[in-house]
Amino acid sequence: MFYPKYTITQKVLKNIGIVDAAKEVITNAPLIPAWEAKFRKEAMERTVHHATHLEGNRLSEEEVIDILDGKEVIARDRDIQEILNYRNVLKFIDSIATQIGPSNPYIFTLETVLEIHRLTVFRILEIAQSGAFRTRQVVVRNTQTGEISYTPPPAAEVPYLMEDLISWINLPETREMHPIIKAGVVHYEIARIHPFVDGNGRAARAAATLLLFLDGYDIRKFFSFEEYFDENPMTYYVTLQAVSNQMVMDTHDRDLTPWLEYFVEGVAVELNRVKDRVRRISADARVKDKLGDQVILNERQMMIMEYLHRHKLMTNKDFRKIFPDFSDDTVLREIKFLKQKGLVKKIGGTKKAQYVLK
(Lines give C-alpha, C1' and ligand atoms only; values in the text may rest on other atoms or scores of the structure.)
Protein backbone atom coordinates (compact mmCIF):
# COMPACT_ATOMS: atom_id res chain seq x y z
CA MET A 1 0.00 0.00 0.00
CA PHE A 2 1.29 3.45 -0.90
CA TYR A 3 2.05 5.72 2.06
CA PRO A 4 4.05 8.88 1.33
CA LYS A 5 7.02 9.72 3.53
CA TYR A 6 7.50 13.39 4.38
CA THR A 7 8.03 15.82 7.23
CA ILE A 8 5.90 18.87 8.01
CA THR A 9 8.75 21.36 8.33
CA GLN A 10 8.56 24.94 9.60
CA LYS A 11 8.73 26.10 5.99
CA VAL A 12 5.72 23.97 5.05
CA LEU A 13 3.77 25.17 8.11
CA LYS A 14 4.59 28.81 7.37
CA ASN A 15 3.41 28.58 3.78
CA ILE A 16 0.26 26.65 4.66
CA GLY A 17 -0.54 29.50 7.02
CA ILE A 18 -0.04 31.96 4.17
CA VAL A 19 -2.27 29.83 1.92
CA ASP A 20 -5.09 29.65 4.44
CA ALA A 21 -4.90 33.38 5.25
CA ALA A 22 -5.01 34.28 1.55
CA LYS A 23 -7.86 31.82 0.98
CA GLU A 24 -9.89 33.54 3.70
CA VAL A 25 -9.42 36.97 2.13
CA ILE A 26 -10.13 35.81 -1.42
CA THR A 27 -13.17 33.72 -0.51
CA ASN A 28 -14.83 36.50 1.48
CA ALA A 29 -13.96 39.51 -0.70
CA PRO A 30 -17.25 41.04 -1.96
CA LEU A 31 -16.40 41.56 -5.60
CA ILE A 32 -18.65 43.02 -8.25
CA PRO A 33 -19.85 40.11 -10.46
CA ALA A 34 -18.08 41.46 -13.53
CA TRP A 35 -14.76 41.51 -11.67
CA GLU A 36 -15.29 37.97 -10.41
CA ALA A 37 -15.94 36.74 -13.96
CA LYS A 38 -12.84 38.59 -15.18
CA PHE A 39 -10.60 37.10 -12.47
CA ARG A 40 -11.89 33.61 -13.19
CA LYS A 41 -11.40 33.97 -16.94
CA GLU A 42 -7.87 35.30 -16.49
CA ALA A 43 -6.97 32.47 -14.11
CA MET A 44 -8.16 29.96 -16.68
CA GLU A 45 -6.11 31.67 -19.40
CA ARG A 46 -2.98 31.74 -17.22
CA THR A 47 -3.44 28.10 -16.25
CA VAL A 48 -3.81 26.96 -19.85
CA HIS A 49 -0.82 29.01 -20.98
CA HIS A 50 1.61 28.07 -18.22
CA ALA A 51 0.53 24.41 -17.99
CA THR A 52 1.30 23.93 -21.69
CA HIS A 53 4.30 26.28 -21.83
CA LEU A 54 5.96 24.18 -19.11
CA GLU A 55 5.81 21.25 -21.51
CA GLY A 56 7.32 23.13 -24.46
CA ASN A 57 4.32 24.84 -26.07
CA ARG A 58 5.64 27.76 -28.10
CA LEU A 59 2.62 30.06 -27.97
CA SER A 60 2.76 33.36 -26.07
CA GLU A 61 0.18 34.24 -23.45
CA GLU A 62 -1.42 36.71 -25.87
CA GLU A 63 -1.72 34.03 -28.54
CA VAL A 64 -3.25 31.62 -26.03
CA ILE A 65 -5.88 34.20 -25.09
CA ASP A 66 -6.69 34.77 -28.76
CA ILE A 67 -7.15 31.03 -29.33
CA LEU A 68 -9.40 30.71 -26.28
CA ASP A 69 -11.43 33.68 -27.57
CA GLY A 70 -11.93 31.92 -30.89
CA LYS A 71 -9.56 34.10 -32.91
CA GLU A 72 -7.30 32.77 -35.63
CA VAL A 73 -3.65 32.33 -34.70
CA ILE A 74 -0.90 31.20 -37.07
CA ALA A 75 1.02 28.51 -35.20
CA ARG A 76 1.81 24.79 -35.14
CA ASP A 77 -1.34 22.65 -35.13
CA ARG A 78 -0.06 20.75 -32.10
CA ASP A 79 0.48 23.93 -30.08
CA ILE A 80 -3.04 25.13 -30.83
CA GLN A 81 -4.53 21.73 -30.06
CA GLU A 82 -2.75 21.59 -26.70
CA ILE A 83 -4.37 24.89 -25.73
CA LEU A 84 -7.85 23.73 -26.69
CA ASN A 85 -7.30 20.41 -24.96
CA TYR A 86 -6.23 21.86 -21.64
CA ARG A 87 -9.18 24.21 -21.62
CA ASN A 88 -11.36 21.10 -21.94
CA VAL A 89 -9.46 19.50 -19.06
CA LEU A 90 -10.29 22.49 -16.86
CA LYS A 91 -13.94 22.31 -17.91
CA PHE A 92 -13.97 18.62 -16.99
CA ILE A 93 -12.47 19.36 -13.57
CA ASP A 94 -15.01 22.11 -13.00
CA SER A 95 -17.92 19.89 -14.01
CA ILE A 96 -16.90 17.32 -11.38
CA ALA A 97 -16.30 19.89 -8.66
CA THR A 98 -19.67 21.59 -9.16
CA GLN A 99 -21.57 18.31 -8.75
CA ILE A 100 -20.24 17.32 -5.35
CA GLY A 101 -21.75 18.15 -1.97
CA PRO A 102 -22.54 16.63 1.43
CA SER A 103 -25.25 14.47 -0.12
CA ASN A 104 -23.19 13.70 -3.22
CA PRO A 105 -19.55 12.98 -2.27
CA TYR A 106 -17.11 12.22 -5.05
CA ILE A 107 -14.82 9.19 -5.03
CA PHE A 108 -11.58 9.87 -6.88
CA THR A 109 -11.18 7.08 -9.45
CA LEU A 110 -8.68 5.73 -11.91
CA GLU A 111 -11.17 6.54 -14.68
CA THR A 112 -10.96 10.19 -13.68
CA VAL A 113 -7.21 10.27 -14.24
CA LEU A 114 -7.56 8.42 -17.54
CA GLU A 115 -10.21 10.89 -18.74
CA ILE A 116 -7.99 13.83 -17.77
CA HIS A 117 -5.25 12.29 -19.88
CA ARG A 118 -7.56 11.54 -22.80
CA LEU A 119 -8.68 15.17 -22.90
CA THR A 120 -5.08 16.37 -22.55
CA VAL A 121 -3.75 14.50 -25.58
CA PHE A 122 -6.84 14.52 -27.82
CA ARG A 123 -5.71 14.60 -31.47
CA ILE A 124 -2.07 14.64 -30.30
CA LEU A 125 -1.44 11.00 -29.44
CA GLU A 126 -2.84 7.98 -31.23
CA ILE A 127 -6.23 6.84 -29.96
CA ALA A 128 -4.70 3.68 -28.49
CA GLN A 129 -2.37 5.82 -26.31
CA SER A 130 -4.99 8.39 -25.35
CA GLY A 131 -6.42 7.81 -21.88
CA ALA A 132 -4.41 4.59 -21.59
CA PHE A 133 -1.34 3.61 -19.59
CA ARG A 134 1.94 3.28 -21.43
CA THR A 135 3.01 -0.19 -22.50
CA ARG A 136 6.71 0.56 -22.98
CA GLN A 137 9.58 2.02 -21.03
CA VAL A 138 10.11 5.76 -21.30
CA VAL A 139 12.86 8.04 -19.98
CA VAL A 140 13.02 11.70 -19.08
CA ARG A 141 15.91 13.50 -20.77
CA ASN A 142 17.59 16.83 -20.10
CA THR A 143 16.42 19.02 -22.98
CA GLN A 144 19.79 20.79 -23.15
CA THR A 145 22.26 17.90 -22.83
CA GLY A 146 20.12 15.00 -23.99
CA GLU A 147 21.22 12.99 -20.96
CA ILE A 148 18.73 10.78 -19.14
CA SER A 149 17.72 12.61 -15.95
CA TYR A 150 15.10 10.16 -14.72
CA THR A 151 13.91 6.65 -15.56
CA PRO A 152 10.29 5.99 -14.50
CA PRO A 153 9.09 2.57 -13.26
CA PRO A 154 8.64 -0.25 -15.79
CA ALA A 155 5.40 -0.13 -17.80
CA ALA A 156 4.20 -3.42 -16.25
CA GLU A 157 4.13 -1.75 -12.82
CA VAL A 158 2.16 1.33 -13.85
CA PRO A 159 -1.42 -0.01 -13.41
CA TYR A 160 -0.63 -1.34 -9.93
CA LEU A 161 1.16 1.82 -8.84
CA MET A 162 -1.73 3.99 -10.03
CA GLU A 163 -4.33 1.77 -8.33
CA ASP A 164 -2.27 1.98 -5.15
CA LEU A 165 -2.23 5.77 -5.36
CA ILE A 166 -5.99 5.99 -5.96
CA SER A 167 -6.63 3.70 -2.99
CA TRP A 168 -4.49 5.95 -0.80
CA ILE A 169 -6.36 9.08 -1.97
CA ASN A 170 -9.67 7.56 -0.86
CA LEU A 171 -8.50 6.41 2.58
CA PRO A 172 -10.36 8.06 5.51
CA GLU A 173 -7.07 9.27 7.01
CA THR A 174 -6.01 10.76 3.67
CA ARG A 175 -9.27 12.70 3.49
CA GLU A 176 -8.24 14.34 6.78
CA MET A 177 -4.95 15.62 5.34
CA HIS A 178 -4.53 19.26 4.52
CA PRO A 179 -5.65 19.65 0.87
CA ILE A 180 -2.43 21.38 -0.20
CA ILE A 181 -0.27 18.55 1.15
CA LYS A 182 -2.50 15.93 -0.45
CA ALA A 183 -2.46 17.72 -3.81
CA GLY A 184 1.33 18.00 -3.66
CA VAL A 185 1.74 14.29 -2.92
CA VAL A 186 -0.56 13.30 -5.79
CA HIS A 187 1.17 15.68 -8.20
CA TYR A 188 4.55 14.19 -7.30
CA GLU A 189 3.45 10.57 -7.43
CA ILE A 190 1.78 10.81 -10.85
CA ALA A 191 4.86 12.58 -12.20
CA ARG A 192 7.10 9.89 -10.66
CA ILE A 193 5.07 6.96 -12.02
CA HIS A 194 4.90 8.69 -15.41
CA PRO A 195 1.93 6.51 -16.38
CA PHE A 196 1.52 7.81 -19.93
CA VAL A 197 3.60 8.11 -23.08
CA ASP A 198 3.09 11.87 -23.08
CA GLY A 199 1.12 14.47 -21.11
CA ASN A 200 2.22 13.29 -17.65
CA GLY A 201 3.00 16.74 -16.25
CA ARG A 202 -0.31 18.23 -17.35
CA ALA A 203 -2.21 15.21 -16.04
CA ALA A 204 -0.41 15.44 -12.68
CA ARG A 205 -1.15 19.13 -12.26
CA ALA A 206 -4.76 18.70 -13.36
CA ALA A 207 -5.31 15.85 -10.89
CA ALA A 208 -3.80 17.97 -8.10
CA THR A 209 -6.07 20.87 -9.01
CA LEU A 210 -9.13 18.63 -9.01
CA LEU A 211 -8.27 17.36 -5.54
CA LEU A 212 -8.01 20.94 -4.29
CA PHE A 213 -11.44 21.69 -5.75
CA LEU A 214 -12.96 18.55 -4.22
CA ASP A 215 -11.57 19.52 -0.80
CA GLY A 216 -13.09 23.00 -0.93
CA TYR A 217 -9.92 24.75 -2.05
CA ASP A 218 -11.20 26.01 -5.39
CA ILE A 219 -10.68 29.55 -3.95
CA ARG A 220 -13.21 31.00 -6.41
CA LYS A 221 -11.10 29.52 -9.23
CA PHE A 222 -8.93 32.64 -9.23
CA PHE A 223 -5.53 30.93 -9.01
CA SER A 224 -3.00 29.26 -11.29
CA PHE A 225 -0.12 27.59 -9.47
CA GLU A 226 1.27 26.59 -12.88
CA GLU A 227 2.41 30.19 -13.29
CA TYR A 228 4.79 29.83 -10.34
CA PHE A 229 6.22 26.59 -11.76
CA ASP A 230 6.63 28.10 -15.22
CA GLU A 231 8.52 31.13 -13.91
CA ASN A 232 11.50 28.85 -13.26
CA PRO A 233 10.80 25.52 -14.95
CA MET A 234 14.30 24.20 -14.25
CA THR A 235 13.68 24.44 -10.49
CA TYR A 236 10.33 22.69 -10.96
CA TYR A 237 11.78 19.73 -12.84
CA VAL A 238 14.99 19.48 -10.82
CA THR A 239 13.01 19.38 -7.56
CA LEU A 240 10.76 16.63 -8.88
CA GLN A 241 13.62 14.58 -10.26
CA ALA A 242 15.86 15.03 -7.22
CA VAL A 243 13.25 13.33 -5.05
CA SER A 244 12.60 10.61 -7.62
CA ASN A 245 16.31 9.87 -7.97
CA GLN A 246 16.92 9.34 -4.26
CA MET A 247 18.82 6.11 -3.63
CA VAL A 248 16.39 4.04 -1.56
CA MET A 249 15.67 0.34 -1.14
CA ASP A 250 11.91 0.81 -1.53
CA THR A 251 10.06 3.48 -3.52
CA HIS A 252 7.94 4.27 -0.44
CA ASP A 253 11.12 5.30 1.38
CA ARG A 254 11.60 8.36 -0.80
CA ASP A 255 11.40 11.54 1.27
CA LEU A 256 8.94 13.93 -0.39
CA THR A 257 9.75 16.80 1.98
CA PRO A 258 11.85 18.89 -0.50
CA TRP A 259 9.13 18.62 -3.13
CA LEU A 260 6.33 19.49 -0.70
CA GLU A 261 8.26 22.51 0.57
CA TYR A 262 8.56 23.72 -3.01
CA PHE A 263 4.96 22.88 -3.96
CA VAL A 264 3.37 24.53 -0.92
CA GLU A 265 5.56 27.60 -1.40
CA GLY A 266 4.35 27.86 -5.00
CA VAL A 267 0.70 27.74 -3.95
CA ALA A 268 1.38 30.35 -1.24
CA VAL A 269 3.10 32.72 -3.67
CA GLU A 270 0.28 32.44 -6.20
CA LEU A 271 -2.51 32.91 -3.67
CA ASN A 272 -0.72 35.90 -2.15
CA ARG A 273 -0.65 37.48 -5.60
CA VAL A 274 -4.36 36.85 -6.03
CA LYS A 275 -5.10 38.10 -2.52
CA ASP A 276 -3.27 41.39 -3.14
CA ARG A 277 -5.09 41.91 -6.42
CA VAL A 278 -8.46 41.08 -4.91
CA ARG A 279 -7.82 43.56 -2.11
CA ARG A 280 -7.00 46.29 -4.61
CA ILE A 281 -10.15 45.69 -6.63
CA SER A 282 -12.38 44.44 -3.82
CA ALA A 283 -15.84 45.97 -4.04
CA ASP A 284 -16.03 46.91 -0.39
CA ALA A 285 -12.67 48.70 -0.48
CA ARG A 286 -12.74 50.48 -3.83
CA VAL A 287 -15.96 50.22 -5.76
CA LYS A 288 -19.02 48.87 -3.96
CA ASP A 289 -19.32 51.71 -1.44
CA LYS A 290 -19.25 54.25 -4.25
CA LEU A 291 -21.20 52.52 -7.01
CA GLY A 292 -23.70 50.52 -5.00
CA ASP A 293 -24.76 46.94 -5.64
CA GLN A 294 -26.69 47.63 -8.84
CA VAL A 295 -23.94 49.27 -10.93
CA ILE A 296 -21.52 47.06 -12.87
CA LEU A 297 -18.47 48.35 -14.69
CA ASN A 298 -18.08 47.39 -18.32
CA GLU A 299 -14.94 45.74 -19.65
CA ARG A 300 -13.19 48.96 -20.64
CA GLN A 301 -13.98 50.61 -17.31
CA MET A 302 -12.60 47.58 -15.47
CA MET A 303 -9.41 47.70 -17.54
CA ILE A 304 -8.94 51.39 -16.68
CA MET A 305 -9.45 50.72 -12.97
CA GLU A 306 -7.05 47.80 -12.99
CA TYR A 307 -4.42 49.79 -14.89
CA LEU A 308 -4.67 52.59 -12.31
CA HIS A 309 -4.36 50.12 -9.44
CA ARG A 310 -1.22 48.69 -10.99
CA HIS A 311 0.47 51.84 -12.34
CA LYS A 312 -1.02 54.55 -10.07
CA LEU A 313 -1.70 56.95 -12.95
CA MET A 314 -2.72 57.08 -16.60
CA THR A 315 -1.99 59.64 -19.31
CA ASN A 316 -3.46 60.13 -22.77
CA LYS A 317 -0.39 58.39 -24.20
CA ASP A 318 -1.37 55.24 -22.32
CA PHE A 319 -4.70 55.00 -24.14
CA ARG A 320 -3.15 53.40 -27.23
CA LYS A 321 -1.29 50.88 -25.11
CA ILE A 322 -4.38 49.76 -23.22
CA PHE A 323 -6.99 50.18 -25.94
CA PRO A 324 -5.35 49.83 -29.37
CA ASP A 325 -8.72 49.18 -31.03
CA PHE A 326 -10.62 52.15 -29.59
CA SER A 327 -10.49 55.90 -30.19
CA ASP A 328 -9.34 58.39 -27.56
CA ASP A 329 -12.88 59.77 -27.40
CA THR A 330 -14.21 56.33 -26.43
CA VAL A 331 -11.65 56.01 -23.64
CA LEU A 332 -12.37 59.53 -22.41
CA ARG A 333 -16.08 58.69 -22.17
CA GLU A 334 -15.26 55.74 -19.93
CA ILE A 335 -13.02 57.92 -17.78
CA LYS A 336 -15.76 60.53 -17.55
CA PHE A 337 -18.13 57.86 -16.21
CA LEU A 338 -15.58 56.80 -13.58
CA LYS A 339 -15.02 60.46 -12.61
CA GLN A 340 -18.76 60.97 -12.19
CA LYS A 341 -18.90 57.95 -9.89
CA GLY A 342 -16.11 59.35 -7.76
CA LEU A 343 -13.60 56.61 -8.59
CA VAL A 344 -11.13 58.59 -10.72
CA LYS A 345 -9.95 62.18 -10.74
CA LYS A 346 -8.12 64.26 -13.33
CA ILE A 347 -4.91 66.13 -12.59
CA GLY A 348 -3.51 68.82 -14.91
CA GLY A 349 -4.69 70.43 -18.12
CA THR A 350 -6.15 68.75 -21.19
CA LYS A 351 -2.86 68.17 -23.03
CA LYS A 352 -0.93 66.97 -19.98
CA ALA A 353 -3.83 65.38 -18.15
CA GLN A 354 -3.16 62.56 -15.72
CA TYR A 355 -5.83 60.31 -14.25
CA VAL A 356 -5.47 58.76 -10.82
CA LEU A 357 -7.62 56.88 -8.34
CA LYS A 358 -9.63 59.20 -6.16
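The values are calculated or read from the model by the stated rules, or taken from the named source; none is laboratory data. All of these numbers come straight from a predicted model, not from anything done at the bench. Note that we place each Cβ from the backbone using ideal geometry, even for glycine, and neighbour counts take in every protein chain shown.
Quick rundown of the values:
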| quantity | calculated |
| --- | --- |
| Some residue of segment 46-58 being assigned to a helix (DSSP H, G or I), surrounded by fewer than 19 Cβ atoms within 10 Å (Cβ to Cβ) and touching a helix residue (DSSP H, G or I) at 6+ places or on another chain (Cβ under 9 Å) | no |
| Residue in segment 117-128 that is within 28 Å of Arg273 (Cα to Cα), touching a residue at least 12 places away in the same chain (Cβ under 8 Å) and in the same structural domain as Ala268 (by TED's automatic domain parsing) present | yes |
| Subset of segment 126-184 [small (Gly, Ala, Ser), modelled with pLDDT of 95 or more and more than 24 Å from the chain's Cα centre (by Cα)] | Ala128, Ala132, Ala155, Ala156, Ser167 |
| Residues being under 16 Å from Lys358 (Cβ atoms) and polar (S, T, N, Q) - total across segment 307-345 | 1 |
| Segment 9-45, residues that are modelled with pLDDT of 90 or more, under 30 Å from Gln81 (Cα atoms) and in contact with a helix residue (DSSP H, G or I) (Cβ under 7 Å, 6 or more places away or on another chain) | Arg40, Ala43, Met44, Glu45 |
| Ile219 vs. criteria touching a residue at least 40 places away in the same chain (Cβ under 8 Å) and closer than 17 Å to His252 by Cα | no |
| Selected residue (criterion: nearest to the chain's Cα centre (by Cα)) from residues of segment 79-117 that are of a type in the set (A, V, I, L, M, F, W, C) and closer than 19 Å to Arg58 by Cα | Ile83 |
| Of all residues making up segment 307-325, the number that are part of a helix (DSSP H, G or I) and either of a type in the set (S, T, N, Q) or over 21 Å from Lys38 (Cα atoms) (or both) | 2 |
| Segment 65-78 - residue that is part of a helix (DSSP H, G or I) and over 16 Å from the mean Cα position of the chain (by Cα) and, of those, surrounded by the most Cβ atoms within 10 Å (Cβ to Cβ) | Ile67 |
| In segment 296-306, the residues that are assigned to a helix (DSSP H, G or I), surrounded by fewer than 17 Cβ atoms within 10 Å (Cβ to Cβ) and not charged (D, E, K, R) | Met303 |
| Subset tally (residues that are in contact (Cβ under 8 Å) with a residue 12 or more places away in the chain, assigned to a helix (DSSP H, G or I) and among the polar types (S, T, N, Q)) for segment 1-28 | 2 |
| Filter pass, Glu62 being assigned to a helix (DSSP H, G or I), without any contact (Cβ under 8 Å) to a residue 12 or more places away in the chain and under 22 Å from Ala206 (Cβ atoms) | no |
| Arg87 vs. criteria surrounded by 16 or more Cβ atoms within 10 Å (Cβ to Cβ), touching a Pro at 6+ places or on another chain (Cβ under 8 Å) and touching a residue at least 40 places away in the same chain (Cβ under 8 Å) | no |
| Criterion (closer than 30 Å to Ile8 by Cα, among the basic types (Lys, Arg) and assigned by TED's automatic domain parsing to the domain that holds Gln241) met by exactly one of Arg175, Arg136 | Arg175 |
| Every residue from segment 238-275 that is farther than 17 Å from Asp20 by Cβ, assigned to a helix (DSSP H, G or I) and among the hydrophobic types (A, V, I, L, M, F, W, C) | Val238, Leu240, Ala242, Val243, Trp259 |
| Residues within segment 326-349 that are loosely packed, with under 15 Cβ neighbours inside 10 Å, of a type outside the set (A, V, I, L, M, F, W, C) and part of a loop (DSSP other than H, G, I, E, B), tallied | 4 |
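Each row is one residue, and each column tells you yes or no for (1) charged (D, E, K, R); (2) over 22 Å from Gly266 (Cα atoms); (3) without any contact (Cβ under 8 Å) to a residue 60 or more places away in the chain.
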| site | (1), (2), (3) |
| --- | --- |
| Ala51 | no, no, no |
| Ile67 | no, yes, yes |
| Asp77 | yes, yes, yes |
| Ile107 | no, yes, no |
